Amino acid sequence: GGGNTAYFKSLWYSLGDDVLSHGWDSKRPQLGILPEPKQILTRKGKFSLSGTTTVLVDAASNADIFSAGFLSKPVGSLAERWPSFAVEEVKRRAALKGRCVLIGDVSKSLWMQEVLDGRGVKLPQMKLPPQGHILDISRDLIVIHGEGAAGRFYGIQSLRQLIFQNRKALPALRIADWPDLDWRGAWHSFTVNESNIDLACLFKMNVGGLTFDQKKKYH
């Protein structure tokens, strides 16, 4: 491969990933999401990223509101070319306005189910493992449904990786993914700063080693 996909793969493998043990299959659609999603379904159509995209989140979930803020964080040096997102906290019913992103536990929210019904979107009825998520992209709606707040957080990171490679429009697709390991990541000579922490989040690493001085500052 070349370009961004090659960069993602080389970075992930440099962290010690074994290609064969993680089921690398050259026949599967190559989305450039790492770790590679467990299930991928591609469809026709695109979700435009022009203008400002509304992000709908349940007002009762502080964790999801925090996670939604990551969509506005550019990856790398793309600050001037990163799409614009506006988070709206919904209490009872969402006012649909064009294209939007929906983040939450769809199975437990009536207003989220109304959004899906209004857009004609049906998510698969499947029990996700811990920290798992479904990312569904259609022409006018992106849904991030996850097993717990952690699953939805990692679904947002999958979406950020897609945006990194498709900044004007995202391909319509559905992925389902969950980690093989509860604890992921081992950092050697890791400098603790905002950009490196964000990079760890982007690739869904959740464990790191800190020196005593760093622990005091970044507890």
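Kindly evaluate residue 18 against the criterion of being exposed (fewer than 14 other Cβ atoms within 10 Å of the Cβ) and either at pLDDT 95 or above or charged (D, E, K, R) (or both).
Working: exposed (fewer than 14 other Cβ atoms within 10 Å of the Cβ): yes; either at pLDDT 95 or above or charged (D, E, K, R) (or both): yes.
Yes: the conditions hold for residue 18.
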- Residue list for region 75-97, filter: in contact with a Leu (Cβ under 7 Å, 6 or more places away or on another chain), of a type in the set (A, V, I, L, M) and touching a residue at least 40 places away in the same chain (Cβ under 8 Å): 75
- Message: Within region 165-219, take every residue that is open to solvent by less than 60 Å² (accessible area, probe 1.4 Å) and β-branched (Val, Ile, Thr) and give me the one that is modelled with the lowest pLDDT.
- Response: 192
- Task: Name every residue in region 122-135 that is open to solvent by less than 30 Å² (accessible area, probe 1.4 Å) and modelled with pLDDT under 95, in order of residue number.
- Result: 123, 128
- Query: What number goes with the only condition from (1) surrounded by fewer than 16 Cβ atoms within 10 Å (Cβ to Cβ); (2) assigned to a loop (DSSP other than H, G, I, E, B); (3) not aromatic (Phe, Trp, Tyr) that residue 74 does not pass?
  - Reply: (1)
- Note on the structure: Scanning region 119-153 residue by residue, the ones that are assigned to a loop (DSSP other than H, G, I, E, B) and within 14 Å of residue 99 (Cα to Cα) total 5
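The values are calculated or read from the model by the stated rules, or taken from the named source; none is laboratory data. None of the values given here were measured: they were computed from a predicted structure. All Cβ positions, glycine included, derive from the backbone under ideal geometry; neighbour counts span all protein chains shown. When the accessible area is computed, the model is the full protein with side chains, heavy atoms only, and any ligands, DNA or RNA have been set aside. Shrake-Rupley method; radii C 1.70, N 1.55, O 1.52, S 1.80 Å.
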